[in-house]
Each structure stands twice: as structure tokens, then as C-alpha cells.
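A short write-up of the structure that comes next.
Here, each number is a calculation from the coordinates, and none is a lab measurement. It should be emphasised that the depicted structure is a prediction, and the values quoted were computed from it without experimental measurement. Backbone-built Cβ (ideal geometry, glycine too); neighbour counts: all protein chains shown.
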């Protein structure tokens, strides 16, 4: 994956996606939702009667070189523009001409058994083509084809790229490939991501939903995880059937249960019953769809719309009736009700059914990059938009019909990335709105299935998505700039001053008058130069005067700046209240402006200003002799306003002016009254929209008046005048012819280019690989599902091995005897210390503790331990006691062993040999007794000395003294008194502080000194240092020398 300089990720072989039409079986697409609920691309059944269907554009220039290479799309590549109805019908029918259905089957662990039961019960005559996406090991060659072929008479083939779909065939996706359907062929691509299941069931189901619509069938069988849940939403939104295996019938119920929890599954059955029900389901679908709408049904549709509006508050009255009828028939198929008025009776009498139908009306497919090619082009335009921002100017975008929010977050990611690459300080604000409050709640959570992010470019996914198990969470910087709200696109006013509106695949579901109204509202909401992003089946054909194309193929348009005084009708939702009007600011005219206007009205010839589309923007003077309204739809095209004789001349002149950029003058013209005039066309500077304009002035002929002589001279002069007039007419005709030839050459070049593109596309569509890869391996009985499960178990086994190693190391190094006892008092684990202390070996594992201890010890340890263990296992508190074993004192501690729910399911026994501790305690007690006797003897000897003696600690505080010393003191003596308080030496008094001069308080002064004498206030004293030589003093011995004092 590489990234271009404009910040758009590149991907090889981009495939554009276009909506399907009714001919390819995609007529039953998801219903549009009121106010802009997002919808997947519509089909011909929805778009055939739409005024928004894009007209062929042979005049638009090819896309510029900076057209984006679309971001990588790891979901199936969307199909190209669908072929016409007849050709697609021929390509997707069986030998009898019956349209085939495509069954996408997803399975994972346990899928081999479920697939075998499904295929063995599937009839060979059904017009269905089955495509199997079974999760496989990407590094192991699959033998699933041979294993399934044994279970069915249907041909089971390994899918190959570009293989054409056929009824009565089963195609199996090979290992390490993602499979999808494009048109009526299979596409295989190598997964670009290492994470996630392979092949992706979501990608397969999304592709058949886009291509086959109501003829798509999703079947979810046994498997772990949630792959397929996102795909069933796309199938159901397209009008197809969704079937899931019963969870209690599946070996692994993860995938079926995830699909069922979406609430979109039609039937939940065992695998073999799903196959047996398919013929009945297909027959029922054909019976309902083939019914013609009769007047009674039209009246019933009106009743249905009223009922839905009463129940939900949403008005479906301006939606296309065909769409409403298809959504209702989808529910009829589920309920097995075959009469439409009868079904409306059910809706009116059953509120729950009304809610289910309303949900189906709002059903949408969602997705981050629903069309990778189009979003790649949008990324380029967003980058340009950000680079042209003024400093401090923000970027505002609106996504009406955002559904579950993926598209709103995707656009926020594109803007955020463009700002980062441009080193801009612009702020981002994206509004995501939808009429479905449940979808808005999901969008605000910003958490999506991992498979739903497969279409997002790797760069965006790495920067803005955080994986959480099987889900992804949108990064906080993106979440903070997206605001979600419930909003009705029809009833509620729009957001204003927007730089981008992404309204994809919504307008096509509305009636033409509503389409025009909504386009006017979006024009009103966009800022000048703002972008409008539509779906592949939509265009601005209903409002060409409001938007200009940026890229017609990708459906990106830019808001036009309309001439002054010609603004679109403001939608009712944003008009001022009745009786109010916009304030009028009175502007004072300047004298110069008055003079200029007066001169213009007096001397300027009748003129008009036109734009590059030849639309009249302004009129000067009276142009009625030259231009006049025409019959039919009103318009201001200057060529159509001109008379039939003037139109070729005017068209040719304007074509030359816009081509060459030089003034054009056409003379010798005759007016309606027979008077001669000439036309002067001049280019003028670009306006605010940077598009060229032109001024067309109608001038009278100025020829000198010559008196004509009589006779032959007069006739000759008249003849020369006629010749001159004919020459002028011929010159004009030649100019017109040149212009027509030039336009024809341009059209031919465009048609030639288009023909070459169609030929290349035709060759690509018909280039198929008919060779099938075959292989015969010795191990035909390899079980495919065990490979998948074993890979999952391998990681678990490594984790368990690491945990076991940790536990073994803890047991061997803990320094305690360790026993793990189960509820039956059997030994589950023990370490070496336990074997040594309790006399056990490895054979004791699994045996009853009481029996083993009774054999290993000759004391009552077994009985005491069993009683206490029983109480601990029964839920009692922890316990401990001391026991003598083999002459050693052992402390035994008992702890309850709890399961994850906190319930005791065993006990942990630890033993600590305290024999050495007891011996050391006895020695310590003996030493303490000896020390006490010594201290008492020293005190007795000290008292027997007649000389006053005291002992001070190194910090100069009194420790011991004799009776003579106490009598020498004036007051009471206590241990801990400071030397200056006791003796009051002269050095202390001279030092100032309490111990400022005290020799005892400064042991560093005793370096090399053994004793000294000092004078105190109570007499002369001798101080001796006690301690090893050269070491700090341990004590100081103080005695009075003047015994008589």
C-alpha cells in the first residue's frame, strides 16, 4: 500500500461500483427513509421512473489526472455499471430461462458437518447457485471440495476468478482468498489484512446483495465469532432472504446466534431443513412479486401510508408507490399473506406488524466506504477544500441519512487526515442525521463489527480505529467532531453554511417534485463552492441550474452561484414565519452610479449577458425585437429565445467566442420587421464563480445613404447591393457550417473514445478462465474444520502452557509446603517441600489426603487436618494450627479455594517448618536472661563505688549512674538527660547553645583522644572514651575528681 502526495491511499485495479437496475434482479432494494435514512444503491425498479436518473454525458471532459486512486477496499469489489435488462436476464437465468438465485453460505468451526447436511438435502432442480465461504487455514491446501462432493449430486467446484455463475452448481472459496460476486461472475482477491476470518462471509453476502437484490439468499451455519452478521443486514436491506441454522442444532453457535441477534433472520431451522424449505420460499417469492398492482391495491397503499404515519409520525406519502409496495410485499412473504389489502388490514390491526414494516422501510446497509472509488475521489476534493481554507476557517459537513453512522465517521476521517497532511489548523464539524432514533443511538456508540471496517483504507483504519476483540471503536478525535441527531430531511430545516453534503442513495426514492425541492434545500444549505456528494444512481438532472459537475462519474457536484435576483425557491421548512419578511437595507445611490445608469439606458444598445451555458443572466434595454419567449417549459437559454433564422448564427458565434476568447461580430442580419442589424459579442471577465460570461449586443446597420441614380445605373447599383447581401449571407453560412463541423468532430472524437472504452470493458467482461485447478493429494480425509479449530486451540494451548510453567515455578520457589485439595479431600497438586515435610511423593496425587497422611505420619495430623479442611471447604473461614511432625514444629495454614463465582470448591494447605525458629527463640531467651543478670551485676558493682560515676551515650545523654553520683547532683537525675543539664561544664557555657561546647556531643573531637579533664559547675570531672581504638566512641565514663567538693 502506498500513499500519493495528495494523501489519498493508492490501491491496484480499482473497480467502480454502480447501482443495479431491475434487469439484474436488484429491484427490491432497501426502502428510502423519511428525512434521509441512508439506503444502499437503488435499482432500476426504484430509479426507472426517476427524474434523477443520470443522462448520458458525452460532452464532459475526461477526468483530470489528479482523479483519486480509490482507497483499498477489502470488501468485494463493487460491480460495474449493470448491463441492460435483456442481456443480464440471459446471463443470470438457467437453461429454461428461469432467473437464478444466489445462495451465499457462511460457516466456520463445525461447518463441514452442517454443509454436508445442507447439500445432501438440496434438490438438484432448484434454479440456485451456491457459493460457500468456509473459514479455512490460509496456509493449508483445502480438500473441502472433495469432501462435500461425496454428500451431494450437485457439481461441487473450487471457485476461480472470473468464473461465470451457473444454476445447479456449488462453488467453494479456496484457502487464503476473499470471494465476492461482480455482475454474474466470481471475483477472488487475496486478503490484505492478516487479522479477521478468511474468507470473509460479510464480504460475500454484501456483494450478492448489491448484485442480485431480492434474488440474494444468505445462509449462516455453524461457526465461532460473528462473521456474517453485517452481511445479513445488506441482504435483508436488498430484499433478499436470510436463513440461519438453529443454535442448538449447530456444533458452534457463535455465527448463527450473531446473525439472529440482528433481528433480520427470516427462518431459524436445522441445516437440512433450510435446504428443504428453499423451494417453497422461492415459489412464494415469485408468487408475490409477480402480482400486478390493481386499483384496489393502490387504494390500499394509501391506507398503508396513513397507518404508518399515524403509528410512527413519518409521512411516506411522497415516496414512490412502487417502493412502498415492494417493502410491504417483503413482509407479506414472511407472513405468507398473498392479498395486499388483507395485509394492510393486518398492519392496521396489529401495531407490532406496523412497527416491523416501519423498520423494514428504514432498513439500510451501512458501511464506511460503501463505494471505494467514489470516496477516493471525494478524498481528493476534500484535500483541495482544506488547502483553500483561510486560517482559522473550519470545515462543516452534513450526512443526512447517516444510518448507523459509518459514513459520517468516514467523512470525518477524510477531513481530519486532509487537515493533518496540509498542516492546517482548521476545525472539523460533521453532522450525522437520521430519522431512525435507534440508528442514531448505535452511531453514538461508535462501535462496529470488525468486518464492517474491511472496506476502510488501511491508513485510515490504523489511525482512527481501535480494535476491541471482534469489534472496532472509532478514535476519540473523530468521535469528538461528529454530532448525531434525529432529523427528518423533508420536514426539518437543514444545517447551514456547509462545505460538504453527502446525501447518497436517498433522493432516488422520492417523487420528482420532492427531489427538486430537496435539491433546492441542499443548495440553500451549502456555502458558495460547497460540494454535493450523491449516489451512483443519482444526479442533479432535476436541478442543473443549481449545481455544476466536478466529477460526473463519481457523482460529485459543486454549488453554483446564481445571478442576482434568481435564487431557487426556499424550502418551506426554512422560510420565515407567515407575515414576516427579510429586512430590507436601504442603500443610498452615489451620483456616479446614477450617471452611469442613465448613460447606459440612453446610449447602450439592447444587450444581454450570458454564461457559458448560454443562460441569460441580465438584460439591458429592449431586446424584444430579437429575443422572445418560446412555447414549452420556461427557460432563459439565449439560443432558444432567438428566432429560428437567428439560432444557427447565434449558436455559431457564441461557440467561436467561448472557444477563441475573442470578440465576434455578425452583420447583415434581417430583423422580424425587415430592418437590418448586426450582433456584437464580447467576452467579459470571470465572475465570482470563475466562469466566462459574454455580452451580446444588438446594433442597427450603419450604412451611408447614397442617392440611387435612375435607369441602368440604378439597377446596377441595386444588383451590387444584392450581391453584397448574398456574399454576407454566404459568409455567415460558412461560419455556421464551420462551427457545426467543429462540434461534429468533437462529438465524433468523444464517441470514438467511448467506443474504445466499451470495447475494452466488453473484452474484460467476457475474458473468463475456463481451466479448473485440479489436485490429487494422498490425504483425502483431512478434516477441514479441525484445522480451523486446531489453530484456535494452538494459541490457547500456548497460553495454558505458559500459565502452567508460571504455576510450577511458583510452587517450587515459594518456600512453603503446598497442597491443593479438591472437595472430595483428594490431593490435586503438591510441591517438593510438601513431599518432604508430610512424607508424600508423586503417587499421592489423586489419593484421599487422610489415608495418605495416616500412612506417612505416626501422629494425629490426619484427623486434625481432615476436620478443619471440611469446615473450610464448607465455607468456613481460613484456619491455622501448629503440629509437631517427626520432631519438628510445623505451622499448618488452611485457605478456601474459590471458583470464579466466589464459591469454595476445595482448599489450599500450606506448611511452614518452624523448628529452626523455635531453636533460635530459645537461644534468644537465654541470651536475654544472661544479659539481664550481667546488667544487674554491673549496677550492683557501680553502686559499691564511692566515687561519683556516670555513663553517657555517644549522643551525650545520661545512661547509668551510681548512688554517689546522684547524691552529688542538686536535683533529681533521670536517664536521657543531656550532659550539659547534668554537669554544666564551662565549655558548654562558653559555647552558647545547650550543647554548643559539650565534648560528648561532638564525637569527632575524640579522634586520637582517650580521656580528658574538664571543669564543671559541680567540680572537676574526668571523661574517658569507651570503645575500640580508632572507632567512634561507644560510651563515655564520667567521674568526679574532687571528692571533697
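For region 610-688, what does the relative contact order come out to in percent, with C-alpha contacts under 8 Å and a separation of six or more? Each step should come with its number before you reach the end.
Details: 78 pairs, mean separation 16.9, N = 79.
So the answer I get is 21 percent.
Between residue 737 and residue 640, the FRET efficiency from the beta-carbon distance, with R0 = 22 Å, is close to 0.55.
A simple spin-label model places pseudo-atoms 7 Å from Cα toward Cβ; at residue 140 and residue 829 they are separated by 3.1 nm. The packing ranking of peptides 480-486, 949-955, highest mean first, is 949-955, 480-486, where packing means the average number of other beta carbon atoms within 10 angstrom of each residue. Between residue 352 and residue 338, the simple label model (points 7 Å from Cα in the Cβ direction) yields a spacing of 2.5 nm.
DSSP beta bridges in region 362-482, what fraction antiparallel, as a percent rounded to 5? Don't skip to the end; give the middle numbers.
Values: 7 of 14 bridges.
Close to 50 percent.
Of all DSSP bridge pairs formed entirely within region 85-284, close to 20 percent run antiparallel. Each Cα pair under 8 Å and six or more residues apart adds its sequence gap; the mean of these over the residue count of region 85-284 is a relative contact order of 22 percent.
Region 304-332 and region 123-165 have Cα centres lying 40 Å from one another.
If packing is taken as the average count of other Cβ atoms within 10 Å, what order do 213-226, 435-448 fall into, highest mean first? Intermediate values should be presented prior to the final figure.
Values: 213-226: 27.4, 435-448: 18.4.
Those peptides, ordered most packed to least, come out 213-226, 435-448.
Tell me the volume per residue, in Å³, of the convex hull enclosing the alpha carbons of region 291-365. It would help to have the intermediate numbers written out before the result.
Working: hull volume 6.8 nm³, N = 75.
Convex hull of Cα atoms, per residue: 90 Å³.
Dividing the Cα convex hull volume of region 372-574 by residue count, how many Å³ per residue is that? Could you put the intermediate results ahead of the total?
Working: hull volume 24.3 nm³, N = 203.
Once divided by residue count, the hull of region 372-574 is 120 Å³.
Peptides 105-117, 324-336, 921-933 ordered by packing proxy, namely the average of other Cβ atoms within 10 Å per residue, highest first: 105-117, 324-336, 921-933. Compute for region 85-284: radius of gyration divided by Kirkwood radius, i.e. Rg/Rh, restricted to C-alpha atoms, rounded to two decimals. We get a ratio of 0.93 for region 85-284.
I'd like the FRET efficiency for residue 888 and residue 822, computed as 1/(1 + (r/R0)^6) with the beta carbon distance as r and R0 of 30 Å, rounded to 0.05.
On the way: r = 27 Å, r/R0 = 0.91.
E between residue 888 and residue 822, to the nearest 0.05, is 0.65.
For region 291-365, the relative contact order works out to 35 percent when only alpha carbon pairs closer than 8 Å and six or more residues apart are counted. Once both labels are positioned 7 Å from their Cα atoms along Cα-to-Cβ, the gap between residue 427 and residue 603 label points is 5.4 nm.
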